[in-house]
Amino acid sequence: MTAPVLEVEDLRVRLRTPRGPADVVNGLSYTVGAGETVAVVGESGSGKSVSVLALLGLLPARVATVTGRAVLQGEDLLTMPPQRLRQVRGPGAGMVFQDPMTSLNPVLTIGRQLVEGIRAHGDVSKQAARGRAAELLREVGLPDPERALDRYPHELSGGMRQRVVIAIALSNSPSLLIADEATTALDVTVQAQIIDLVEKLQDEHGTGVIWITHDLGVVAGIADRVLVMYGGRCVEDGTVDDVLERPAHPYTRGLLGSLPDLAAPVGPDGEVPELTAVPGLPPPPTDLPPGCVFWPRCPVRADPRCETEQPPLAVVSRAAAAGPGGATASGAHAGDGAGLPHRAATWCAEEEVPRG
Ligand SMILES: Nc1ncnc2c1ncn2[C@@H]1O[C@H](COP(=O)(O)OP(=O)(O)O)[C@@H](O)[C@H]1O
Ligand code: SF4
Ligand SMILES: [Mg+2]
């Protein structure tokens, strides 16, 4: 496996809320390799967004206490002075959120925002930066990029604005790109274009990607590895094949069971079947259950320890060696997954999946 771009170790985030302290991220550890895409999945409220906001110092210190380590190319993001962190955001780590207006300045033209970003981190003339800005807008599929440069964010549609934000994030070829439901609001054609562009960036610059999404179709298409979050914890992670084809944790199995059956018959009015979500609701982070964080909703409860002891993240198997040409079983991704552990935090996996 290639050297990690990012190493997260025991990341914890406690938020001060009117209902008392909320333990939103509870000991998250993972790595993102160069050129690798790690998809982070889990229901709403699992702590996905907070965990990446914490990495980039984007949670206000008065409400959030962040501990652990998050080493980006040799530097710990969590102990870095704010000034250094501002330098790192952009060329070191780019981030795209679901709502583009959180990232765009409404009073500056698109061109100015892109050009400023490009020039802030490189010795580039204004004219060359403008040329590069137009090229980036073309690459993210914006029609008439030259004209778009002179427009203000409110003059563009939501989908166009999101493509601008993605262009800004890619403009400095960051070593880490974090996409938080970045393409959720875009139509599938544009989504596919953006994913192609990110993959090109990864091939050219070895960019590591954290892709937060609830769309398991996207996960299957882009991820090398998958991290499943529940109650602020990683309950399962492994190669995309391991997690999607051999899920070990009852929660992951529940999520995968909620995939629409594409082969199912369409109703008389053209309606598609409803998703079968995991029954029940995630626990509030102010009141996490003792024992396995999933036990109140778990249909398995295979062990007397479920309600009292927290299961550690244990290896359930190891990814098979890469095939000829470095392809994994699905053939979709590089062979970096060979030998990587498939881990799950559950007392029941031992019975279901033989340990490697
Ligand atoms: N600013 C905040 N103040 C209080 N609680 C918050 C804040 N932001 C997020 N939370 C809580 O933290 C938990 C995780 O949120 P989030 O990371 O946004 O989940 P996800 O991205 O997985 O949907 C949720 O329970 C949410 O209500
Ligand atoms: S540890 Fe127990 S409660 Fe938790 S997922 Fe496994 S069987 Fe369910
Ligand atoms: Mg979120």
Checklist line | Where only C-alpha atoms are counted, convex hull volume of the range 146-233 per residue in Å³ | finding: 124 Å³
Margin query: Give me, ordered by chain and number, the residues 5 or more places off A314 or on other chains with an amide H under 5 Å from its own placed amide H.
Written below: A344, A345, T346
Notebook entry, point to check: Given a cut-off of under 8 Å on Cα pairs at least six residues apart, what relative contact order in percent is computed for the chain?
Noted result: 19 percent
Margin query: Can you tell me the length gained on complete extension of the stretch H214 to K126, counting 0.36 nm per residue apart and subtracting the Cα distance?
Written below: 27.7 nm
Check: If r is the Cβ-Cβ distance from H205 to E135 and R0 is 25 Å, what FRET efficiency results, to the nearest 0.05?
Finding: 0.95
Note to self: If you average the C-alpha positions of the range 111-136 and of the range 171-247 separately, how far apart do those two centres end up, in angstrom?
What the structure shows: 27 Å
Next item on the list: Kindly provide log₁₀ I(q)/I(0) values, in the same order as q = 0.16 Å⁻¹, from the Debye equation applied to equal alpha-carbon scatterers of the range 1-68.
Entry: -0.58
Notebook entry, point to check: Which value results for Rg/Rh of the range 71-173 when Rg is the Cα radius of gyration and Rh the Kirkwood radius based on the inverse mean 1/r?
Noted result: 0.99
Checklist line | Amide N proximity, the range 154-194 versus V107 label position 7 Å along Cα-to-Cβ, cut-off under 18 Å | finding: 154-155
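Distances longer than 38 Å among the Cα atoms of the chain: what percent of all pairs is that?
19 percent
Readers should treat all values here as calculations from the given coordinates under stated rules, not as data from a laboratory. Because the structure is a prediction, the values reported are computed rather than measured. All Cβ positions, even for glycine, are placed from backbone atoms using ideal geometry, and neighbour counts span all protein chains on display.
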